[in-house]
1. How big is the charge dipole of the chain about its Cα centre, in debye rounded to the nearest 20, if each Lys and Arg gets +1 on its Cβ and each Asp and Glu gets -1 on its Cβ?
2. Below 20 Å, Cα to Cα, which lysines can LYS147 reach? Residues fewer than 8 away in the same chain don't count.
3. Mind checking which of ALA121, ALA211, ALA24 has the largest fluctuation in a GNM of the chain, springs on alpha carbons under 10 Å?
4. Would you please report the Å³ per residue occupied by the convex hull of the alpha carbon atoms in the chain?
5. When the accessible area of the chain is computed with all protein chains present and a 1.4 Å probe, what percentage of it is carbon and sulfur?
6. Quick check for you: with a 1.4 Å probe and neighbouring chains kept, what is the accessible area per residue of the chain, in Å²?
7. For region 1-83, what percent of Cα pairs sit more than 17 Å apart?
8. Percent antiparallel among DSSP beta bridges with both residues in the chain, to the nearest 5?
Amino acid sequence: MGMSGQLFIVPTPIGNLEDITLRAINTLKSVDLILAEDTRTSSFLLKHLQIDKPLRSYHQHNEHKILEEIISDLNAGKNIALVSDAGTPGISDPGFLLIRQAISADIKVTSLPGPTAFVPALVNSGLPCNEFSFYGFLPQKKGRLTKLKALALEEKTFVLYESPFRLVKLLEELKEHLGAERQASVSRELSKMFEENKRGSLEELARFYNAKPVKGEIVVVVQGNKFKESDDGNEE
Ligand code: SAM
């Protein structure tokens, strides 16, 4: 086991290239192999960082198949980094299967701190962030209604990822299940030139984005259910 290589989970920028850490750069420079969700996307970043390393694709369609090969490379002493297209691998991105497998094979796994979209969206929402829940993308068809019903009972501030094409639909559904007055925040294009953070009730946000179709990447942060407070009418 002493001969084994290490697996490094390396977050990459979600927009602004300046958000990569010095440690992430040094780690990418030091490993023998970089696993990338999309080798084309990552080769642009690596070129920008002047890093020339072997790249291999690791994405949801081949991750089961190549898992054993990666584990044997690690066992053979190779140091390997995993990156996704943007942000932190494993967060609404491939990574979990490999991390679990590496852990059970007694391989050292190190996850570097770094960019991810949900943290700035949550903190910037102005909603309580001492406790929160992360749900990522809601299922598109099967299970969506069940999830929405569960979200209506969620007491913590919660975070969702959504595509711009479905933002209005999502806001309308949240409005229907959680009530029009529930406060929320929509963060778009975080860290990029046209970053926008829009706060308001679900009613206000649904109206705003209905009138103004948007592009770009989106995080929706929603206030938790406060039914306990309204039960006794006491905010304390
Ligand atoms: N691994 C990434 C992370 O750590 O945040 C998430 C990957 S997931 C496939 C992509 C989604 O993340 C987008 O649809 C959007 O919801 C969110 N996202 C990524 N970059 C973003 C940005 N710059 N601004 C707002 N949302 C972003």
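1. Its charge dipole is roughly 640 debye.
2. The reachable lysines, counting only those whose Cα sits under 20 Å from LYS147, are LYS156, LYS169, LYS175, LYS226.
3. ALA211
4. Details: hull volume 35.1 nm³, N = 236.
Convex hull of Cα atoms, per residue: 149 Å³.
5. 52 percent
6. Numbers: 12870 Å² over 236 residues.
Dividing the accessible area of the chain by its residue count gives 55 Å².
7. 45 percent
8. In the chain, DSSP labels about 45 percent of beta bridges as antiparallel.
The values are calculated or read from the model by the stated rules, or taken from the named source; none is laboratory data. Given the structure is predicted, the values throughout are model-derived calculations rather than measurements. FYI the Cβ positions are ideal-geometry reconstructions off the backbone, even for glycines, and counts take in every protein chain you see. Note: accessible area is taken over every heavy atom of the protein model, side chains too, but ligands, DNA and RNA are not part of it. Shrake-Rupley method; radii C 1.70, N 1.55, O 1.52, S 1.80 Å.
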